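Notes follow once the structure below has been shown.
Read-outs throughout are calculated quantities, based only on the coordinates presented, and are distinct from any laboratory measurement. Computed from a prediction, not measured in an experiment: that's the story for all the values here. Please note: Cβ atoms are built from the backbone with ideal geometry, for glycine as well, and neighbour counts cover all protein chains shown.
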Amino acid sequence: MNADLMNKIELLQRQEDADGIHKVVSDTIGHYGFERFIISGLPDRGVDVRPFVLLSGWDDEWYKRYTNLGYVHLDPVARNCFATTLPFDWSDAPYDRAGDPQARRVMDEAHDFGMNEGLCVPVHLEGGMQGVVSLVGRTDWLSEQQRLELHMLALYAHGRLRFLNTVQTDRRRRAISPREAEVLKWVASGKTAADIAEITGLSARTVNQHCENAQRRLGTNNRLHTVVEAIRHKLIAL
């Protein structure tokens, strides 16, 4: 096994935040000719992927488009992760270009963003959950040894991010109060501050204060972001 890769994996295991992991992964995959990546869980059909994303190294505009439009459920590469345990080239993900226009649209738009080729590593998790590490770049020159090395890197990166996510979840669960969690759950269901006030017996001002407190504790930018983070860290359940 490549000694430099083992050093990178050891470095990866010492990282304490997503920024550190992003740097190690970016530096390492760059030596294999890859430019961008995403590390994520894969949700059930119809479920928003954003709470499942562990780390994105994609172009921001493409990431927003892909997640906002629910492309994960149309993407033949993501779908193929449920059918195999082995890494595969994006071009090997089966779909009918003529008969599946939605999948064709995802692949064509990815191409427009310069994401023409890539390597996908499925990650099978406990409880039947599915994850993925997808790398953007040419694959035709990779040796079997290099594919094995990238497979190992992907599994370790995904595992380290899940571990850190669990630690952060425990900290954040202690950080928000039961009342804040209750209010966020109602916000997630589409209720307004006035609706929540009527349901809980609180004033609308107090409801808004609970939302602001949760936003501050979770380090989020707005109410929607707060709800997404609360769901992602399993602080609330829908």
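Observations
- Selected residue (criterion: farthest from the chain's Cα centre (by Cα)) from residues of the stretch 52-66 that are crowded, with 18+ Cβ neighbours inside 10 Å and assigned to a helix (DSSP H, G or I): W62
- Residue count for the stretch 187-198 under the criterion of being touching a helix residue (DSSP H, G or I) at 6+ places or on another chain (Cβ under 8 Å), part of a helix (DSSP H, G or I) and surrounded by fewer than 19 Cβ atoms within 10 Å (Cβ to Cβ): the result is 3.
- Residue identified as assigned to a helix (DSSP H, G or I) and either over 20 Å from R50 (Cα atoms) or in contact with a helix residue (DSSP H, G or I) (Cβ under 6 Å, 6 or more places away or on another chain) (or both) among A230, A181: A230
- Subset of the stretch 186-201 (residues that are closer than 15 Å to A230 by Cβ and in contact with a Lys or Arg (Cβ under 8 Å, 6 or more places away or on another chain)): V187
- Scanning the stretch 69-88 finds one or more residues that are β-branched (V, I, T) and surrounded by 20 or more Cβ atoms within 10 Å (Cβ to Cβ).
Residue by residue, here is whether (1) within 20 Å of D59 (Cα to Cα); (2) touching an Asp or Glu at 6+ places or on another chain (Cβ under 9 Å); (3) not in a helix (DSSP H, G or I) holds:
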| position | (1), (2), (3) |
| --- | --- |
| A83 | no, no, yes |
| L86 | no, no, yes |
| S91 | no, yes, no |
| D108 | yes, no, no |
| C120 | yes, yes, yes |
| Q145 | no, no, no |
| L155 | no, no, no |
